[in-house]
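Colleague: Can you read through this structure? Questions will come right after.
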Amino acid sequence: MSYHTCVWIDHREARIFHITAKAVETTHIRDHGPAHHLHRKADHVGLGKVGMGEAFLADVSAALGQSKAILIMGPGTAKTDFKHHLDAKHPDIARNVWDVRAADHPTDGQIVAEARTYFHAEDRMR
């Protein structure tokens, strides 16, 4: 079990990083549900919205294990959609979410570096 976990999630995949002082264990989970396509009609103001599959969200939630400090990152609404899923279906995990932050499509190394910086600062304050 890792104390610190960072989840980067969009509507098609999640990358979970269990971070210790010396190592990182990475898990990638893809949504294998029906293909999603966003369409925008020229005469409408808003963009289409794609929901995440329940099986995908359940798999990502399960991958968090017993983490005690969770940082959720991602583009658009995916990160907050996942947080709302945790609040509704897994309140025991949701209590361990320390922050939700915007992040476009960084590399795994960039995600881990940002998470380490975040957790280092937060650990000192908590």
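Just so it is clear, none of the values below were taken in a lab; they were calculated from the coordinates. Fair warning: this is a prediction, and the values are worked out from it, not measured in the lab. Every residue, glycine as well, gets a Cβ built from its backbone with ideal geometry; the counts of neighbours run over all protein chains shown.
Colleague: Which residues in the stretch 54-80 have a backbone N closer than 18 Å to a point placed 7 Å from the Cα of Asp108 along the Cα-to-Cβ line?
Modeller: 60, 63-64, 73-74
Colleague: Counting other C-beta atoms within 10 Å, which of Val112, Val7, Val60 has the fewest, and how do the rest follow? Kindly include the intermediate steps, with their values, before the conclusion.
Modeller: Working: Val112 18, Val7 28, Val60 23.
By the 10 Å Cβ count, ascending, the order reads Val112, Val60, Val7.
Colleague: Right, next: Just want the ordering: Tyr3, Tyr118, from fewest to most Cβ atoms lying within 10 Å of their own Cβ. Write out the running numbers ahead of the final one.
Modeller: Working: Tyr3 15, Tyr118 18.
Least crowded to most crowded, the residues run Tyr3, Tyr118.
Colleague: If you add up the charges near Gly33, with Lys and Arg at +1 and Asp and Glu at -1, over every other residue whose beta carbon is less than 13 angstrom from its beta carbon, what do you get? Mind dumping the intermediate values first?
Modeller: Details: positive: Arg12, Arg30; negative: Glu13, Asp31, Glu54, Asp59.
With Lys, Arg at +1 and Asp, Glu at -1, the net is -2.
Colleague: Can you give the FRET efficiency for Arg12 and Arg126, using 1/(1 + (r/R0)^6), R0 = 25 Å, r = Cβ-Cβ distance, to the nearest 0.05?
Modeller: Details: r = 33 Å, r/R0 = 1.32.
The calculated FRET efficiency here is 0.15.
Colleague: May I pose another question? How would His105, His84 line up from fewest to most surrounding beta-carbon atoms within 10 angstrom?
Modeller: On the way: His105 10, His84 13.
Arranged by neighbour count, lowest to highest, His105, His84 become His105, His84.
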